[in-house]
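Worksheet: the structure to be examined is printed underneath.
Read the figures in this text as sums done on the coordinates, not as results from a lab. Everything numeric here is computed off the predicted structure, so don't read it as measured data. Neighbour counts are summed over all protein chains in view; Cβ atoms, including those assigned to glycine, are modelled from backbone coordinates with ideal geometry.
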Amino acid sequence: MKTLNSSIDVPLFFRRLREATQNALLLDYDGTLAPFRVDRGRAFPYAGVREILEKLVGVSRLRVVIVSGRWIKDLKPLLKLKKRPEIWGSHGMERLRADGSYEIAKMDENLLGGLVAADEWVENAGLIKHAERKPGSIAIHWRGLDPRKVDEIRNRIEPEWSLIARVWGLTLKEFDGGMELRAGVQNKGDAVKTVLEEMDREIAAAYFGDDSTDEDAFMAIKGRGIGVLVRNELKPTAADVWIKPPGELLQVLHKWLPGE
Ligand SMILES: [Mg+2]
């Protein structure tokens with residue numbers, strides 16, 4: 001583990017974890033708890049992660065929250081947990097609480113028009129097999145493709161989707177393995193803020209993530225907890241500490257179990 005923010009006392013944080021009345025563990029999924037796979041439907045967690053999550057979800061005083069860009073319905077078969085954590089999907093557009101109740105944020109109809117335009121363009125461009133549609137966004141995935149093919153797809157999409165983004169007021173973002181056009185007004189930072197607002201002031205909280213969309217969450221947790229970048233290579237980030245998966249990830253997750 002490497003501390004990136006000198007104003008954060010990491011040993012003190014883990015001592016507070018023992019003493020706080022409530023703790024929150026917020027976790028991204030792809031690239032953080034699970035290695036990337038070309039077949040996204042087979043991106044199962046790293047060995048040992050499912051077992052520890054199962055234990056963590058059962059810890060009293062600890063709220064385990066998964067915050068993913070995926071549609072919740074696509075995430076559940078990969079997590080396959082017996083006990084249910086709280087899950088925020090589609091970058092915070094949807095929320096499945098631990099009690100099973102489900103909510104989805106309302107979307108502006110004008111913004112949805114932009115998504116329809118992007119969807120039609122993808123279909124006409126013959127790129128539908130690379131597309132992922134979910135509430136409030138559409139993504140194109142190019143992981144595993146030949147680099148020349150990636151450049152070709154990026155060069156075709158970027159001008160078209162940039163135009164759609166400008167005209168309809170959507171957000172275009174490249175992520176690790178593709179590009180996404182989002183109509184959602186919610187981002188992962190909003191999900192983190194909502195969870196923390198529902199909890200006591202004196203909690204120990206951490207957010208674990210790997211990618212550009214996690215930066216909103218790293219910013220949102222500042223002052224309330226620590227941001228943990230989970231990645232093999234360091235990159236510019238607002239996170240407070242950096243760990244490499246899966247070894248250091250498992251070690252740090254174990255610290256959240258009582259008596260460890
Ligand atoms: Mg990720």
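Assorted remarks:
- Amide proton proximity set for Asn187, modelled H, under 5 Å, gap of 5+: none
- Each part reduced to its alpha carbon centroid, the range 53-125 and the range 197-221 end up 17 Å apart.
- Here is how the number arises for the chain: DSSP H runs of 4 or more residues each give -39500 (n - 2.57), the sum is divided by the residue count, and the result at 222 nm is -10500 deg cm²/dmol.
- Converting phi to 3J(HN,Hα) with the Karplus coefficients 6.51, -1.76 and 1.60 and the offset θ = phi - 60°, the range 180-197 yields 9, 10, 10, 9, x, 7, 8, 10, 4, x, 5, 4, 4, 4, 4, 4, 5, 5 Hz in sequence order, with x at every glycine or proline.
- Taking the number of Cβ atoms within 10 Å of each Cβ as an exposure proxy, the fewest-first ranking of Ile128, Ile72 is Ile128, Ile72.
- Choice from Arg16, Arg166, Arg63 showing the highest fluctuation, given a GNM over the chain with Cα pairs closer than 10 Å: Arg166
- Between amide H atoms placed 1.01 Å from N, distances below 5 Å from Glu86 occur with Val64, Ile66, Ala98, all of them 5 or more places distant or on a separate chain.
- Taken over the Cα atoms of the range 109-182, the convex hull encloses 75 Å³ per residue.
- The range 85-165: trypsin sites (Lys or Arg not before Pro) in DSSP loop, at most 12 other beta carbons within 10 Å: Lys106
- Lysine pairs within the range 121-201, Cα separation less than 16 Å, 8 or more sequence positions apart or different chains: 4
- Here Arg70, Arg84, Arg18 are placed in order of increasing Cβ neighbour count within 10 Å, fewest first, which gives Arg18, Arg84, Arg70.
- Gyration tensor (alpha-carbon) shape descriptor, the range 134-219, a/c threshold 1.5: oblate
- Restricting the range 38-95 to GluC sites (Glu not before Pro) in coil, as DSSP defines it, with at most 11 other Cβ within 10 Å: none
- Within the chain, antiparallel bridges make up roughly 50 percent of the DSSP beta bridges whose residues both belong there.
- Phi-based couplings in Hz for the range 129-136 (Karplus 6.51, -1.76, 1.60; Gly and Pro marked x): 5, 9, 8, 10, 9, 8, x, x
- Within the range 130-212, the GluC sites (Glu not before Pro) that combine a DSSP coil assignment with at most 12 other C-beta atoms in a 10 angstrom radius are Glu198, Glu202.
- Angle in degrees between helix 147-168 and the longest Cα principal axis of the chain, rounded to the nearest 10: 90 degrees
- Separation of alpha-carbon centers, the range 1-48 and the range 228-260, rounded to whole Å: 5 Å
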